[in-house]
Amino acid sequence: MDLAIVWLLVIVFGIFVYAILDGFDLGIGILYPWLSKQERMTALHSIKHVWDGNETWMVFAGVCLLVAFPKVYSLVLGTLYIPVFLMLFALIFRGVVFEYRFKADRSSVWWDFSFFAGSTIAAFSQGTILGSVLLGLQANTEQLIPIWLHPFSLAMGSLIAITYCTLGSLWLQINTESMLEKKCNSIANKMIVLFSILCLIVVYSFFGGFTWAEEAFVAAFISYKWIVLVVTGFFSFITIRSNISTHNQSKKTFLLFCGYLLILYLGLLNLVFPYIIPEQLTIWEAMGNENSLQFALVGVALLLPIVLVYTVYSYKVFSGKPDSAGAY
Amino acid sequence: MELDPAVLSRIQFALTISFHIIFPTLSIGLACYIAIMEGLWLKLRKPVYLQQAKFWIKPFAITFGMGVVSGLVLSYQFGTNFNKFSELASPVIGPLLNYEVLTAFFLEAGFLGIMLFGWNRVSEKIHFGASVVVAVGTILSAFWILAANSWMHTPAGVIIDNNQILVTSWLKVIFNPSFPYRFAHMLIASFITTLVVIASVSSYYLLKKHHQPFAKKSLGIAVAGLVVLTPIQAFVGDLHGLNTLEHQPVKVAAMEGIWETEQGAGLRLFAIPDQAQAKNDYEIVIPKLASLILTHDTEGTVKGLNAVPADEHPPVAVVFYSFRLMLGIGVFLLTVAYLGLWLAQKGSLFSNRYYLTILKWSAPLGFIATLAGWYVVEVGRQPWLIQGLFRTSDLVTPLPAERILISLIGFVIIYTLLFGVYLYFFKKLIRQGPEVISSGNTTEVATSNIAKANGF
């Protein structure tokens, strides 16, 4: 099989795992203002042992991009300098919260704010980066504003933030009890609706405006629009139905929502393929040196399955509702 | 004044990597220390070992966390500020970093949670296993990152075809000529740095008459470790220097402050290098000694900086002074270690207040020496980014200077703030001291104490 396609799949997989895993812990940070002091601590305890592993998937995806498509890596990071640094600064601020919040006495307000702001800015920046890449890194109007402040990039920023909120509330629902669980259930339902509406707005108001979508994929795009409507409606329905059912189905809802995201994500990739930066670079044009791709692929093929096994194991060690507040 | 984007990008990279390297230096050493203490506890069942492990896990956790967040920045900075480098060198650097993520980062992250929070979720043996895995992860991470870094100093296993780097042998790339020395030198540096920190904290307790059995144990271990490691480090450092002389003679010339090629070169104890005039002012020289050390012959020839054109000179003063600082601290720590051994034989290691006070204030020395060592190595490679092949100034991202200035100011503010916070919490943990662990029912007592200490 074509090396470029294999590596594209590895990166696609890495980004998806990242979005789900760091998605829920970033989402919890965005939801912070809606949680009480005690609830915030419970929420933080539910992710303190996994956030570091979750963030590693971003480094993995980034490094895979460097190996496989160095042109994309250098073009994207060089062009999107400001949102990339915004994201990194934000991730620093929220990352250190896990280390210091539990040990803080007087400064807890600052750490809470740092966690909320860091998570929100990081999620939003990731969305604007995605949006800018989909725009082909250059808007077709005169460059009055930087590409990452284009309305489409901002819309993607909001969409990603809402996606993470949904994941975060679903995660909390699985990992907490009684009052907080109920509260998260209600937040999750609202977030799923909000997510679906925002998806439709993004697809209908923006995708028509892309020259690359119009010219190269016009047929696919038109049918895709309708697919999005159907898929969005269907998945919103079944996810919410699963979530409001009286049986304890929160894990199932989480998985359903992940499936929902996967379908949208694959649809988007299908639209862009074989470009990696629309209208600029196809995966074959951006591909790195073959020998290096092969060498690194051996590592991925041998080690990634092992990584997945112990990642699942470490999640299992801490799974289940917390038995008591000081349960570690 | 016109700001040079290339210079700004280099300052930013130097700042971020200097800040970052402080934390892995300590976390590599602490991870190994904790794993060893846990192993000793499983074997000997003496509570003091469990106490060591449980106490040092807390400073380890905040140190590791700082390493993660500051390291994240670095993995993207190749692309943001040196995007021509990331594109050009990706055939070599990319796979090495990829292996680092797969063999080290995931491993550390996967087992760190169990190590920090898994005390009563998994069995003692699995917990010990998790601590060992985390320690191995930190060392593997150093392995890959130093392989990549060494390759930039002594590139091997590649051919340059049409300005593209193509790998011909991965073994030669990874085990490039300077890698074994650099890897050993850095690992020992991090062990020494950690032992000095442990000795410093132990001395602080002994001076304050707090937690005495605990502090005596760790001070004993730290001094014993330093007695073994400091001479080994001097030896490895010497080998590393000889390797550098073979592959990067200009760097050695800068370290020694030798401008004109000399036969029977003297060792400059002090000098003020003058880059513009290509000479030193106010030299104090010990005749023939540099030749003796570098070539093991008093009449050996040492190549001077002027053997290459002036535009291939690194910033000599930085290299020259950093080298002396590193060496000076090395000699000081070696002396301190053997002074400790002598006091231990006299039976006054734990009671000599002068010695304990020296140790107490020595905590930052290992870090300063490590940083100085890195400046020797990295500044000494300039103007090359990949030695002899590509210049730094040709591989930076063509960015507007203001944009880099903004991110640079951001880093200065954030890192200053973070470092203050880190030190504050580090001190707080030290002041709290180790948990009391009774010999019976050890695990339960310890865990409930940890839960209390964490505010629940």
Per residue, how large is the accessible surface of the range B:194-269? Use a 1.4 angstrom probe and give square angstrom. 36
Evaluated over the range B:115-169, the Cα radius of gyration and Dmax, each in Å: 19.3, 59
Eligible aspartates and glutamates near A:Lys252 by straight Cα distance, threshold 20 Å, same-chain separation 8 or greater: A:Asp22, A:Asp25, A:Glu177, A:Glu181
Exceeding the 22 Å Cα-Cα cut-off - candidates A:Lys183/B:Lys58; B:Lys54/B:Lys125; A:Lys103/B:Lys58; A:Lys103/B:Lys43; A:Lys48/A:Lys103: A:Lys183/B:Lys58; A:Lys103/B:Lys43
Mind jotting down the three principal axis lengths of the protein assembly as shown based on Cα atoms? Whole angstrom, largest first. 85, 70, 49
Tell me the total accessible area that A and B bury against each other, 1.4 angstrom probe, in square angstrom rounded to 100. 6400
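Can you give the convex hull volume per residue for the Cα atoms of the range A:1-145, as a whole number of Å³? Working shown, then result.
On the way: hull volume 17.7 nm³, N = 145.
With only Cα atoms used, the range A:1-145 gives 122 Å³ per residue.
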How big is D, in µm² s⁻¹, for the range B:237-348 by Stokes-Einstein at 10 °C and 1.306 mPa s if Rh is the Kirkwood radius over C-alpha pairs? 105
Straight-line reach from B:Lys208: which lysines have a Cα under 18 Å away, not including same-chain ones fewer than 8 places off? B:Lys216, B:Lys217, B:Lys360, B:Lys427, B:Lys428
Computed over chain B: longest principal axis from alpha-carbon atoms vs helix B:365-381 long axis, angle to nearest 10 degrees, is 20
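In Å³ and rounded to a whole number, note down the convex hull volume per residue for the Cα atoms of the range B:1-146. Before the final figure, lay out the partial values.
Details: hull volume 15.2 nm³, N = 146.
Considering the Cα atoms of the range B:1-146, their hull volume per residue is 104 Å³.
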Given H placed 1.01 Å from N in the peptide plane, which residues other than close sequence neighbours of B:Leu267 have an amide H under 5 Å from its amide H? B:Ile286, B:Lys288, B:Leu289, B:Ala290
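Just the ratio, please: alpha-carbon radius of gyration of the range A:270-318 over 2.2 N^0.38 Å, N its number of residues. Numbers along the way, then the final one.
Details: Rg = 16.5 Å, N = 49, 2.2 N^0.38 = 9.7 Å.
Scaled against compact globular proteins, the figure is 1.70.
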Roughly how much of A:Leu66 is accessible, in Å² to the nearest 10, using a 1.4 Å probe? 0
Angle, helix A:3-30 long axis vs. longest principal axis of chain A, Cα atoms, 0 to 90°, nearest 10? 30
With N set to the number of residues, divide the alpha-carbon radius of gyration of the range B:149-284 by 2.2 N^0.38 Å and report two decimals. 1.51
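At a Förster distance of 22 Å, what's the computed FRET efficiency of B:Thr261 paired with B:Ala234, Cβ-Cβ distance as r, to 0.05?
Working: r = 27 Å, r/R0 = 1.23.
Approximately 0.25, to the nearest 0.05.
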Across A:Ser119, A:Ser36, A:Ser236, the residue with the highest GNM fluctuation in chain A (Cα network, 10 Å cutoff) is A:Ser36
Debye log10 I(q)/I(0) at q = 0.08, 0.13, 0.15, 0.16 Å⁻¹ for chain A, Cα point scatterers: -0.38, -1.04, -1.35, -1.49
222 nm [θ] for chain B, helices only, -39500 (n - 2.57) per DSSP H run of 4+, per residue, to 500? -24500 deg cm²/dmol
Using alpha carbons only, how many degrees (0 to 90, rounded to 10) separate the axis of helix A:70-79 from the longest principal axis of chain A? 70
Cross-link partners among lysines for B:Lys279, C-alpha distance below 22 Å, same-chain residues fewer than 8 apart left out? B:Lys251, B:Lys288, B:Lys303
B:Ile174 accessible area, 1.4 Å probe, all protein chains in place, Å² to nearest 10: 10
Dividing the convex hull volume of the Cα atoms of chain B by its residue count, what figure in Å³ per residue is obtained? 166
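Looking at chain A, which longest stretch skips every one of the GluC sites (Glu not before Pro) that is in a DSSP loop with at most 14 other Cβ atoms within 10 Å, leaving the sites themselves out? Walk me through the numbers on the way to the answer.
Numbers: sites that count: A:Glu142, A:Glu177.
Answer from the scan: A:178-328.
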Suppose R0 equals 25 Å; then what is the FRET efficiency for A:Met179 and A:Gln249 from their Cβ-Cβ distance, rounded to the nearest 0.05? 0.85
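The values are calculated or read from the model by the stated rules, or taken from the named source; none is laboratory data. Everything numeric in this text was worked out from a predicted model, so none of it was measured. With ideal geometry, Cβ positions are generated from the backbone for all residues, glycine too; neighbour counts draw on all protein chains shown. Heads up: the accessible areas ignore ligands, DNA and RNA and are worked out on the full protein's heavy atoms, side chains in. Shrake-Rupley method; radii C 1.70, N 1.55, O 1.52, S 1.80 Å.
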